[in-house]
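What follows is a short report on a single structure.
The values are calculated or read from the model by the stated rules, or taken from the named source; none is laboratory data. Everything quoted here is computed from the prediction, not taken from an experiment. Heads up, the Cβs are rebuilt from the backbone with ideal geometry, glycines too, and the neighbour counts pull from every protein chain shown. When the accessible area is computed, the model is the full protein with side chains, heavy atoms only, and any ligands, DNA or RNA have been set aside. Shrake-Rupley method; radii C 1.70, N 1.55, O 1.52, S 1.80 Å.
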Amino acid sequence: MTIRSLLSTASLALLIGSVSVAAQAQIAIGHLADYSGGTSDVGTPYGQAVADTFAWVNKNGGIGGKKLNVDTNDYGYQVPRAIALYKKWSAPDSKVAAIMGWGTADTEALTGFLAQDKIPDISGSYAAALTDPQGTSGKAKPAPYNFFYGPSYSDALRAMLMWAADDWKAKGKPGKPKFAHMGANHPYPNAPKAAGEAIANELGFEVLPPLVFALTPGDYSAQCLSLKSSGANYAYLGNTAASNISVLKACKAAGADVQFLGNVWGMDENAAKTAGDAADGVIFPLRTAVGWGGDAPGMKTVMEISKMSDPSGKIYRPVHYIAAVCSALYMKEAIEWADKNGGATGENVAKGFHQKKDWVPSGMEGVCNASTWTEKDHRPTTKVDLYRSKVTGSTDGDLNDLIAKGTIKLEKVKTVELPRKPEWLGW
């Protein structure tokens, strides 16, 4: 062998070695996003925030000097596509350390696989079925690798119905208040249905038959006429904002005098702008302590993260964007713990979620509400902050201006501290 060929062989070996080191110096994360499917109205800002947050983490040195290799995919809110992506992410030669998930149907479909493959998933689904890591409640299968940030759909609905019971008494109305659950016949809107109807009965409501409407915008005049004729006083909108807007407009046109209770994904600043005065008065839960531009030390961090996709800083970010920043930074800190304690494997990352009590990610003080996950209970919080959407005047124009002028407001109504009842775990 010539000296030149020996040098070429040595150079090749060095190149392969450097590529190998570079590969090892990355931490792989799978990211399911809905930018085009039935929940894309809220999935788009949420997914953008996840991407922005991890880009910001990489810009600031990654985790332990390792870059996060985030594989973002728009799966269009289709369970088969989510499962296909999971198969890629769980393959032995390309296994991810964690997944940033999204929908209820796909998250629940993957729960058993996540446990088997030891891959943690912090999802955009807050279904209570994902909160029982050991399956002790008997109401859901064990979900030891499932996490989310914020109160569960069930706890949020329980809190809203407690508020509604007090509201009915405060108004001095006679008889039993009537409650109806509304939403698509789909795992996501149905997730809190049993829990909501159970506590409604306990609180003295008359529970009406549920009303079904699709996850997509449409003409829901028939549902609103049914709601009106039923005499419903309170109705839960279980879908995301896009289809809820259609219902709110149709029910206003039909003259239905109903207090709507919105799903956490069912109302935000963009929805209030689109629905206009039909959105005035909707009660809904908020996962973060403040909205965009709110008076909190951590808002500076959110603004910096936002500039990863909006260097101008002019885009208004809705509440879902901020909640996703919180979710991604919880994941980031769980990975950091894992990296320092045996390596960023899925099993270690899951353990990382159990290390802190009343946990707020660094730099997010006053923005993210404190969360605690334990090996026996993955309800991060049972505190529910309830807000009311306020719309006064025309909502034409730029959202920044409408918020600044007070045309659209998210007004805090009440904080409900739910008891952490063992019998409420998992449903």
Handout entry: Those helices (runs of 4 or more DSSP H) lying entirely in segment 93-201 with at least 1 residues in contact with a Pro (Cβ under 8 Å, 6 or more places away or on another chain) and under 25 Å from V50 (Cβ atoms)
Key = 104-117, 153-170
Practice task
Examine segment 417-427 for a residue that is small (G, A, S) and in contact with a strand residue (DSSP E or B) (Cβ under 8 Å, 6 or more places away or on another chain), and state whether such a residue exists.
Solution key: no
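Quick grid of which residues meet (1) in contact with a Lys or Arg (Cβ under 8 Å, 6 or more places away or on another chain); (2) among the polar types (S, T, N, Q):
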residue	(1), (2)
A323	yes, no
D358	no, no
E375	no, no
R379	yes, no
Y387	yes, no
T395	yes, yes
L399	yes, no
Problem - Residue check, G62 touching a His at 6+ places or on another chain (Cβ under 8 Å) and under 19 Å from M331 (Cα atoms) - result: no
Fill in the blank from the handout: In the set S362, S371, S389, the lone residue that is under 21 Å from Y330 (Cβ atoms) and open to solvent by less than 20 Å² (accessible area, probe 1.4 Å) is S371
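One line per residue, one yes/no per condition, for (1) modelled with pLDDT of 95 or more; (2) farther than 17 Å from Y145 by Cβ; (3) within 18 Å of the chain's Cα centre (by Cα):
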{"site": "K356", "(1), (2), (3)": "yes, yes, no"}
{"site": "G363", "(1), (2), (3)": "yes, yes, no"}
{"site": "C368", "(1), (2), (3)": "yes, yes, yes"}
{"site": "S371", "(1), (2), (3)": "yes, no, yes"}
{"site": "L386", "(1), (2), (3)": "yes, yes, yes"}
{"site": "S394", "(1), (2), (3)": "yes, yes, no"}
{"site": "I403", "(1), (2), (3)": "yes, yes, no"}
{"site": "I408", "(1), (2), (3)": "yes, yes, no"}
Completion exercise
Conditions (1) touching a residue at least 60 places away in the same chain (Cβ under 8 Å); (2) of a type outside the set (A, V, I, L, M, F, W, C); (3) open to solvent by less than 20 Å² (accessible area, probe 1.4 Å) -> K332 fails only (3)
Problem - Pairs where the first residue, in segment 32-54, is under 11 Å from Q78 (Cα atoms) and touching a residue at least 60 places away in the same chain (Cβ under 8 Å) and the second is part of a helix (DSSP H, G or I) and of a type in the set (A, V, I, L, M, F, W, C), C-beta under 6 Å, 6+ apart - result: L32/A82
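Conditions (1) modelled with pLDDT under 95; (2) within 30 Å of M267 (Cα to Cα); (3) of a type in the set (D, E, K, R), marked per residue:
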position: T9; (1), (2), (3): yes, no, no
position: S40; (1), (2), (3): no, yes, no
position: Q48; (1), (2), (3): no, yes, no
position: A51; (1), (2), (3): no, yes, no
position: A109; (1), (2), (3): no, yes, no
position: L114; (1), (2), (3): no, no, no
Problem - Selected residue (only one of T111, T53, T104, T131 is more than 29 Å from A184 (Cβ to Cβ), open to solvent by less than 10 Å² (accessible area, probe 1.4 Å), under 21 Å from the mean Cα position of the chain (by Cα) and of a type in the set (S, T, Y)) - result: T53
Problem - Single unsatisfied condition, L15 versus (1) modelled with pLDDT of 95 or more; (2) open to solvent by 20 Å² or more (accessible area, probe 1.4 Å); (3) in a helix (DSSP H, G or I) - result: (1)
Practice task
Determine if segment 75-83 includes at least one residue that is over 25 Å from I322 (Cβ atoms), part of a loop (DSSP other than H, G, I, E, B) and out of contact with any strand residue (DSSP E or B) (no Cβ under 8 Å at 6 or more places or on another chain).
Solution key: yes
Handout entry: segment 115-134, residues that are touching a residue at least 12 places away in the same chain (Cβ under 8 Å) and either touching a Cys at 6+ places or on another chain (Cβ under 7 Å) or more than 20 Å from A324 (Cβ to Cβ) (or both)
Key = A115, D117, K118, A128, A129, D132, P133, Q134
Handout entry: Of all residues making up segment 400-427, the number that are open to solvent by less than 20 Å² (accessible area, probe 1.4 Å), more than 25 Å from G196 (Cβ to Cβ) and touching a helix residue (DSSP H, G or I) at 6+ places or on another chain (Cβ under 7 Å)
Key = 2
Practice task
Please find, within segment 219-244, the residue that is surrounded by the most Cβ atoms within 10 Å (Cβ to Cβ) out of those that are outside any helix (DSSP H, G or I), at negative phi and small (G, A, S).
Solution key: G238
Fill in the blank from the handout: Looking across segment 245-258 at residues that are touching a helix residue (DSSP H, G or I) at 6+ places or on another chain (Cβ under 7 Å) and not small (G, A, S), the single one that is surrounded by the most Cβ atoms within 10 Å (Cβ to Cβ) is L248
Practice task
Determine the pairs where a residue that is farther than 22 Å from E411 by Cα, located within segment 285-307, has a partner that is assigned to a helix (DSSP H, G or I) and open to solvent by less than 10 Å² (accessible area, probe 1.4 Å) with Cβ atoms under 6 Å apart, the partner being 6 or more residues away or on another chain.
Solution key: I305/D52; I305/T53; I305/V325
Exercise for the section: Assess whether K118 counts as being open to solvent by 40 Å² or more (accessible area, probe 1.4 Å) and modelled with pLDDT under 95. Expected result: no
Exercise for the section: Filter segment 292-321 down to residues that are in contact with a Lys or Arg (Cβ under 9 Å, 6 or more places away or on another chain), outside any helix (DSSP H, G or I) and on the phi < 0 side of the Ramachandran plot and give me whichever is least open to solvent (accessible area, probe 1.4 Å). Expected result: D310
